[in-house]
Amino acid sequence: MTDEKGQSSRFGVPTLRTGQAHPHPEPIGGSAYSAAELMPGYRVVLLDQRKLPAIERYEYYVRADEVAQAIRDMVVRGAPAIGVTAAYGMVAGAVHARGDAASFLEAMRIADATLRASRPTAVNLMWALDRMSASAAQHASLDFAARTEAMARAARELHREEVAACRRLGALGAELVPDGATILTHCNAGALATGGYGTALGVIRAAKEAGKDVRVIACETRPYLQGARLTAWELAKDHVRVEVIADSMAAHFMAKKAVTLAIVGADRVARNGDVANKIGTYALGCLAAAHAIPFYVAAPWSTVDLACATGAEIPIEERRQEELSHFALPDGASVQLVPDGVPVKNPSFDVTPANLVTAIVTERGIVRPPSGEGLARLAAT
Ligand code: MRU
């Protein structure tokens, strides 16, 4: 079989290769690609991560409920990037609220509720919406043009702050990376997941920028393959040496002493230092402890939820069975992997207890070992 560009595919599946340059004149994401941006004219543009690495395509959204649906459908994913996108979704909501202050605030309340319901685990979503709703209350009495621009300014500022947080925590975390390290990571905690630079991948980028020789082992991250599709795509673009392994191979490589340290991102950090992240992270934490390998978590402060006492309180998203029972192709088709009628379970996240985490790296500082006292100290800074 050959694809639309005439390339053959070993598995009889089209290997599409199409790329689109970033449409924003000055993306805040700060690289050649960006997960989410607000275009001039207030349209929200998202890089469709469901199609990577085969197709690099940007999609436009003009209403808050469309943005919420895009988050639910994983067009954009990754905790900080979801927060940034929701902030832009609130701007899209403001664009359609032309009435007086009261009707603007009612439209903003509906947009907030719709976006808030799109995914449950990443607390960055709630954090971003709290900020944007506060901004709506602050600017409600302005006229339509002024309050819409104020909302756009607030959302872009939030985006800029998240990228700056990644750069800062990346620089702090790079100190933990020895020269010559082989770093194991899970899921995608890069620019695609944060709006720019990345958290776990930010630490790796910063280590490389500091002149260290680093190589990465990316777990494929079943069932959605964020590691194989997205982390490998990002790192290869940045010329960071990366190899992909099946999740089940991690123990093998740790036992062979082929892993210097592991680092992952987070969707929510509880007050006691428990960490919710992509399903499979807990298993890696157990394996790292068993092999005496440092296990780091990198996250901006927007991921820390001090209202959540322990990991047991973190809501774990159960996603569609089809994400596991079928293999999705970039053209929208899918291949069935599980027999008809056999149910599957698909929790998207798990909780790694604080005692398995060597340190949590944030832009405010490093908590080592993770503890309620350590996080409280950083909260006060
Ligand atoms: O379901 P996803 O792809 O949104 O899950 C993403 C993760 O679990 C990431 O590791 C996490 O959000 C950290 S992103 C910096």
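The values are calculated or read from the model by the stated rules, or taken from the named source; none is laboratory data. Just so we're clear, the structure is a prediction, and the values are computed from it rather than from any experiment. In this analysis, Cβ positions are derived from the backbone assuming ideal geometry, glycine residues included, and neighbour counts consider all displayed protein chains. When the accessible area is computed, the model is the full protein with side chains, heavy atoms only, and any ligands, DNA or RNA have been set aside. Shrake-Rupley method; radii C 1.70, N 1.55, O 1.52, S 1.80 Å.
Computed from backbone phi, the HN-Hα couplings of region 343-351 come to x, 10, 10, 9, x, 8, 9, 9, 10 Hz, rounded to whole numbers (Karplus: 6.51 cos²θ - 1.76 cosθ + 1.60, θ = phi - 60°; Gly and Pro given as x). Taking every Cα-Cα distance in region 23-71 and sorting them into 5 Å bins from zero, the calculated P(r) comes out as 5, 21, 32, 25, 15, 3 percent. Under a Gaussian network description of the chain, with springs only between Cα atoms under 10 Å, the residue in Thr310, Thr362, Thr281 that fluctuates furthest is Thr310. Using only side-chain charges placed at the Cβ, +1 for Lys and Arg and -1 for Asp and Glu, the dipole size of the chain relative to its Cα centre rounds to 580 debye. Charging the Cβ of each Asp and Glu at -1 and of each Lys and Arg at +1, and nothing else, the dipole of region 88-240 about its Cα centre rounds to 220 debye. Given +1 at the Cβ of Lys and Arg, -1 at the Cβ of Asp and Glu and no other charges, the dipole of region 118-189 around its Cα centre is 140 debye to the nearest 20.
Accessible area per residue for region 273-381 in Å², computed with a 1.4 Å probe and the full protein assembly in place, what is it?
46
In the elastic network of the chain, a GNM with C-alpha springs shorter than 10 Å, the most mobile of Thr358, Thr303, Thr185 is Thr358. Cross-link check: pairs Lys51/Lys257; Lys237/Lys345; Lys212/Lys257; Lys212/Lys345; Lys51/Lys212 evaluated at a Cα-Cα cut-off of 30 Å; pairs beyond the cut-off: Lys51/Lys257; Lys237/Lys345; Lys212/Lys345; Lys51/Lys212. For region 72-197, the fraction of 1.4 Å probe accessible surface lying on carbon and sulfur atoms is 56 percent. Which one, Ile314, Thr281, Ile293, is farthest towards the positive end of the dipole of region 249-366 when Lys and Arg carry +1 and Asp and Glu -1 on their Cβ? With unit charges placed on the Cβ atoms, the residue in question is Ile293. Helical content of the chain, expressed as a calculated mean residue ellipticity at 222 nm, amounts to -11000 deg cm²/dmol (DSSP H runs of 4 or more residues, -39,500 (n - 2.57) each, divided by residue number, nearest 500). Its Kirkwood hydrodynamic radius, worked out from the mean inverse distance over all distinct Cα pairs, puts region 254-338 at 15.2 Å. Among Gly198, Gly180, Gly273, whose mean-square fluctuation peaks in a Gaussian network model of the chain (Cα, cutoff 10 Å)? Of the options given, Gly180 has the highest mean-square fluctuation.
The residue list His139, Ala113, Phe327 was ranked by how far each Cα lies along the charge dipole of the chain toward its positive end, using unit charges on Cβ atoms, and Phe327 comes out on top. Beyond 17 Å, how much of the Cα-Cα pair distribution for region 318-381 remains, as a whole percent? It works out to 61 percent of all Cα pairs. Based on the alpha-carbon gyration tensor of region 241-302 and its eigenvalue square roots a ≥ b ≥ c, which shape applies: rounded if a/c is under 1.5, prolate if not and a/b is larger than b/c, or oblate? Judged from the Cα gyration tensor, region 241-302 comes out prolate (a/c at least 1.5, a/b above b/c). At q = 0.11, 0.13, 0.14, 0.16 Å⁻¹ the log10 of I(q)/I(0) for region 194-291 amounts to -0.33, -0.46, -0.54, -0.72, computed by Debye summation with a single uniform scatterer per C-alpha, solvent ignored.
Under Stokes-Einstein, with the Kirkwood radius over Cα pairs as Rh, the value for region 144-253 at 37 °C and 0.692 mPa s is 221 µm²/s.
Note that region 27-95 presents 25 Å² accessible area per residue, ligands and nucleic acids not counted, probe 1.4 Å.
By the Cα gyration tensor, the chain has an equivalent ellipsoid whose semi-axes, rounded to whole angstrom, run 32, 26, 20 from largest to smallest.
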